[in-house]
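The block underneath contains the structure these notes are about, expressed in structure tokens.
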Amino acid sequence: MSDVISLNLQVWKQSSIDDPGSFEFYSVKDISIHISFLEMLDVVNENLQKEGKDPIAFDSDCREGICGTCGFVIDGVAHGPLAKTTVCQLHMRHFEDGQTLVIEPFRATPFKVVKDLVVDRGSFDIIIQAGGYVTVSTGNAPDANNILIAKDNAEDAFDSAACIGCGACVASCPNASAALFTSAKISHLSHLPQGKIEDDQRVKGMVEAMDDEGFGNCSNHAECEAVCPKGISISNIALMRRNLIKTIL
Amino acid sequence: MNQINFLKISSVLKKIIIAVTGLSLFLFLIIHLLGNITLFTGNPPGKDFNQYAHFLESFGILFTIAEMGLLGFFVLHLSTALYSNFINTSARNTKYAVSSYAGGKSKKTYGSQTMVITGVVLLVFLIWHVLQFRLGIHYDTTYLDFNDGQPIRDLYKNVTQEFTNIWVVAGYSVAMTMLSLHLGHGFWSSFQSLGIHGRNFTRITYSISYLLGTIISIGFLLIPIYIYSIN
Ligand code: HEM
Ligand code: SF4
Ligand code: FES
């Protein structure tokens with residue numbers, strides 16, 4: 001097996017928020033199978049720049065799969081074909097020589113396409129501002145282990161806290177629902193004593209913000225869990241619903 | 001602020017309404033199916049069924065209240081579901097050129113994506129179904145040993161008249177296929193919507209969901225097929 005492949009890329013190009021946008025075709029050769037998908041786009045962009053053409057805009061930061069900045073849809077699957085993997089950690093060895101790939105930005109009405117594959121996920125910040133925090137009085141840092149937390153609770157909280165806010169759940173949801181992201185943030189704090197006391201106002205505020213931002217409603221397709229690079233479970237969504245029911249009862 | 005807006009029910013609450021009403025309709029379907037077993041028994045044919053129907057109607061006002069409640073659940077279920085679907089559609093103004101299935105933990109199926117279509121077909125079917133039987137022609141029959149020999153409604157005659165028409169049987173087959181898909185996603189989904197989730201619980205309810213939907217649909221479908229075949 002050769003260590004380089006050729007690809008046919010069908011990439012969404014859109015110059016600004018107001019531009020309707022369209023697909024652009026790129027034929028790329030001599031791509032090492034050892035580089036990541038983003039590095040592959042770097043190579044494409046380098047060549048485009050040499051030819052004086054507009055490079056493909058995409059977001060990235062850590063390139064280690066931990067910051068949640070990168071993300072787009074490859075052949076209809078957010079973050080591409082490999083489970084629990086962001087596009088920055090997706091390596092070209094998972095693709096075949098001569099393969100045609102359709103690359104689109106995360107699509108949801110609240111996620112505006114800024115340029116090409118770059119989307120504005122500011123709606124997630126608004127959801128967090130509506131309750132994704134704990135209220136603590138400032139002052140000296142408290143002693144460690146002042147508040148005892150059972151191991152299981154700590155583990156559950158950590159599983160939910162693994163969400164990196166990439167938005168793939170929204171992108172893959174047939175309804176563009178933000179339920180997985182929002183519920184991961186709610187569960188993370190709800191599993192801990194420091195967060196539990198603000199459960200009611202948190203779930204009300206965050207669900208309201210989620211709805212106001214224009215995300216769809218969850219229909220339990222669970223496609224979000226399948227594309228989530230951190231494998232966040234839809235059990236978080238069930239917890240969010242339980243917490244909301246508790247505020248009514 | 002603080003303005004009461006009845007249309008602004010939270011997305012989570014909408015899903016709870018759809019689930020509670022959906023599960024109740026599911027329960028109704030099971031009772032309806034069990035009651036309909038009387039179509040297969042009785043001598044002369046139809047006696048058990050007509051007596052069962054008469055027994056239900058004999059509750060008078062209570063029966064009417066139950067019927068209205070059922071109607072209310074239907075209206076609540078489908079109006080909340082349709083309204084929710086309208087919001088879902090506008091949450092993605094620009095569609096993807098390619099959409100696919102991620103596999104793995106995904107529960108996105110043909111059934112889960114066609115809930116509105118199967119639901120609307122069921123709605124049309126249910127209107128037809130109620131017109132055929134509940135509001136159908138009123139025939140009378142008497143059984144010497146029942147109701148002091150006084151006439152009761154011969155609903156069995158309506159049923160046999162309808163189900164000897166191959167097109168009616170075909171229509172029911174289509175509707176029951178829709179029902180199996182709708183319940184296939186709807187059953188496990190209702191629990192998830194109500195916040196009832198567990199590693200094993202969800203695995204089991206999901207894996208029996210489409211099976212249950214299919215069993216119930218086939219159960220109902222046996223009625224027109226049986227009546228058609230004996231006439
Ligand atoms: C025999 C009658 C029916 C039964 C037993 C039934 C049952 C159910 C159940 C159990 C659910 C799942 C609830 C959940 O996921 O939380 C559901 C969802 C749904 N139903 Fe029905 N249903 C029936 C008729 C209808 C009708 C007439 C419509 C008309 C439009 C409809 C539209 C929907 C839709 C769109 C959903 C999905 C909502 C969502 O995913 O958010 N259903 N149904
Ligand atoms: S839940 Fe998963 S897919 Fe959604 S934002 Fe968090 S990490 Fe990304
Ligand atoms: S660039 Fe940070 S997760 Fe991909």
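Is one or more of the residues making up region A:69-83 free of Cβ contacts under 8 Å to residues at least 24 places away in the same chain and more than 25 Å from residue B:103 (Cα to Cα)?
If we filter region A:69-83 for residues that are free of Cβ contacts under 8 Å to residues at least 24 places away in the same chain, which is where we start, we get A:81-82.
Those still in the list that are more than 25 Å from residue B:103 (Cα to Cα) too: none.
The answer is no; no qualifying residue exists.
Does region B:67-88 hold any residues that are closer than 26 Å to residue A:72 by Cα and either crowded, with 16+ Cβ neighbours inside 10 Å or in contact (Cβ under 8 Å) with a residue 60 or more places away in the chain (or both), and which are they? I'd like the intermediate steps shown before the answer.
Residues of region B:67-88 closer than 26 Å to residue A:72 by Cα: B:85-88.
The answer is B:85, B:87, B:88.
Can residue B:27 be described as surrounded by 14 or more Cβ atoms within 10 Å (Cβ to Cβ), within 15 Å of ligand 1 (Cβ to nearest atom) and without any contact (Cβ under 8 Å) to a residue 24 or more places away in the chain? If you could, list the steps in order and put the result at the bottom.
Details: surrounded by 14 or more Cβ atoms within 10 Å (Cβ to Cβ): no; within 15 Å of ligand 1 (Cβ to nearest atom): yes; without any contact (Cβ under 8 Å) to a residue 24 or more places away in the chain: yes.
No, not satisfied.
Look through B:194, B:126 and report the one residue that is at pLDDT 95 or above, closer than 30 Å to residue A:172 by Cβ, surrounded by fewer than 18 Cβ atoms within 10 Å (Cβ to Cβ) and of a type outside the set (Ser, Thr, Tyr).
On the way: B:126 fails: closer than 30 Å to residue A:172 by Cβ.
B:194 is the lone residue from the list that is at pLDDT 95 or above, closer than 30 Å to residue A:172 by Cβ, surrounded by fewer than 18 Cβ atoms within 10 Å (Cβ to Cβ) and of a type outside the set (Ser, Thr, Tyr).
Which of the residues that make up region A:164-193 are within 8 Å of chain B (Cβ to nearest Cβ) and at positive phi?
A:176
Can you find even one residue in region A:194-209 that is at the interface with another protein chain (Cβ under 10 Å from one of its Cβ atoms), assigned to a helix (DSSP H, G or I), of a type in the set (Val, Ile, Thr) and surrounded by 24 or more Cβ atoms within 10 Å (Cβ to Cβ)?
Kept after step one, since they are at the interface with another protein chain (Cβ under 10 Å from one of its Cβ atoms), are these residues of region A:194-209: A:203-204, A:207-208.
Now drop any that are not assigned to a helix (DSSP H, G or I), which leaves A:203-204, A:207-208.
Remaining after also requiring of a type in the set (Val, Ile, Thr): A:203, A:207.
Keeping just the survivors that are surrounded by 24 or more Cβ atoms within 10 Å (Cβ to Cβ) gives A:203, A:207.
Among the residues of region A:194-209, at least one is at the interface with another protein chain (Cβ under 10 Å from one of its Cβ atoms), assigned to a helix (DSSP H, G or I), of a type in the set (Val, Ile, Thr) and surrounded by 24 or more Cβ atoms within 10 Å (Cβ to Cβ), which makes the answer yes.
What are the pairs, 6+ residues apart or on separate chains, where a residue within region A:218-232 that is within 20 Å of residue A:89 (Cβ to Cβ) and more than 8 Å from chain B (Cβ to nearest Cβ) has its Cβ under 8 Å from a residue that is outside any helix (DSSP H, G or I) and polar (S, T, N, Q)?
Cβ pairs passing all conditions: A:224/A:177; A:229/A:85; A:229/A:86.
Criterion first (β-branched (Val, Ile, Thr) and under 30 Å from residue A:218 (Cβ atoms)) does residue B:37 satisfy it? Quick ask: steps written out before the conclusion?
Numbers: β-branched (Val, Ile, Thr): yes; under 30 Å from residue A:218 (Cβ atoms): no.
In short, no.
Out of the residues in region B:193-224 meeting the condition of being polar (S, T, N, Q), in contact (Cβ under 8 Å) with a residue 24 or more places away in the chain and within 14 Å of chain A (Cβ to nearest Cβ), tell me which one is nearest to residue B:158 (Cα to Cα). Please lay out each step first, then the result.
Here is the first cut: in region B:193-224, the residues polar (S, T, N, Q) are B:193, B:200, B:202, B:205, B:207, B:209, B:214, B:217.
So of that shortlist, the ones also in contact (Cβ under 8 Å) with a residue 24 or more places away in the chain come out as B:193, B:209, B:214, B:217.
With within 14 Å of chain A (Cβ to nearest Cβ) added as a condition, the list becomes B:193, B:209.
Numbers: B:193: 39, B:209: 33 Å.
The selected residue is B:209.
Give region A:140-171 a look and list any residue that's buried (at least 17 other Cβ atoms within 10 Å of the Cβ) and over 21 Å from residue A:61 (Cβ atoms), or say none.
Matches in region A:140-171: A:156, A:157, A:159, A:160.
Just one of (1) within 14 Å of another protein chain (Cβ to nearest Cβ); (2) surrounded by fewer than 18 Cβ atoms within 10 Å (Cβ to Cβ); (3) more than 13 Å from ligand 2 (Cβ to nearest atom) trips up residue A:84, so point out which.
Here residue A:84 clears every test but (3).
Would you list the strands (runs of 3 or more DSSP E) that sit entirely within region A:71-137 and hold 2 or more residues that are within 20 Å of residue A:229 (Cα to Cα) and in contact with a strand residue (DSSP E or B) (Cβ under 9 Å, 6 or more places away or on another chain)?
On the way: elements: A:99-104, A:112-115, A:118-120.
It comes to A:99-104, A:118-120.
So, in region A:84-98, exactly how many residues are over 11 Å from residue A:38 (Cα atoms) and either touching a helix residue (DSSP H, G or I) at 6+ places or on another chain (Cβ under 8 Å) or without any contact (Cβ under 8 Å) to a residue 60 or more places away in the chain (or both)? It would help to see each step written out before you state the result.
Looking only at region A:84-98, we keep the residues that are over 11 Å from residue A:38 (Cα atoms), and these are A:84-85, A:93-98.
After this cut, where a residue has to be either touching a helix residue (DSSP H, G or I) at 6+ places or on another chain (Cβ under 8 Å) or without any contact (Cβ under 8 Å) to a residue 60 or more places away in the chain (or both) as well, the list is A:94.
Looking only at that region, the number is 1.
Any residue at all in region A:55-66 that's outside any loop (DSSP other than H, G, I, E, B), more than 16 Å from ligand 2 (Cβ to nearest atom) and surrounded by fewer than 15 Cβ atoms within 10 Å (Cβ to Cβ)? Working first, answer last.
So the first thing to find is which residues in region A:55-66 are outside any loop (DSSP other than H, G, I, E, B), and the list is none.
No, region A:55-66 contains no residue that is outside any loop (DSSP other than H, G, I, E, B), more than 16 Å from ligand 2 (Cβ to nearest atom) and surrounded by fewer than 15 Cβ atoms within 10 Å (Cβ to Cβ).
Provide a single number: the residues in region B:6-34 that are of a type in the set (Lys, Arg) and not in a helix (DSSP H, G or I). Don't jump to the end; show me each part of the working.
Going residue by residue through region B:6-34, those that are of a type in the set (Lys, Arg) are B:8, B:14-15.
Now drop any that are not not in a helix (DSSP H, G or I), which leaves B:8.
Number of matching residues: 1.
Matching residues to (1) under 30 Å from residue A:197 (Cα atoms); (2) touching a helix residue (DSSP H, G or I) at 6+ places or on another chain (Cβ under 8 Å); (3) not β-branched (Val, Ile, Thr):
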residue: A:54; (1), (2), (3): no, yes, yes
residue: A:75; (1), (2), (3): no, no, yes
residue: A:79; (1), (2), (3): no, yes, yes
residue: A:100; (1), (2), (3): no, no, no
residue: A:128; (1), (2), (3): yes, yes, no
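Kindly indicate whether any position in region B:110-121 is away from every other protein chain (no Cβ under 14 Å) and either farther than 30 Å from residue A:234 by Cβ or free of Cβ contacts under 8 Å to residues at least 60 places away in the same chain (or both). Explain how you work it out, then say what you get.
Let us first name the residues in region B:110-121 that are away from every other protein chain (no Cβ under 14 Å), namely B:120-121.
Filter again for either farther than 30 Å from residue A:234 by Cβ or free of Cβ contacts under 8 Å to residues at least 60 places away in the same chain (or both), leaving B:120-121.
Within region B:110-121, one or more residues are away from every other protein chain (no Cβ under 14 Å) and either farther than 30 Å from residue A:234 by Cβ or free of Cβ contacts under 8 Å to residues at least 60 places away in the same chain (or both).
The values are calculated or read from the model by the stated rules, or taken from the named source; none is laboratory data. What you are looking at is a predicted structure, and each value in this text was computed from that prediction instead of being measured. Heads up, the Cβs are rebuilt from the backbone with ideal geometry, glycines too, and the neighbour counts pull from every protein chain shown.
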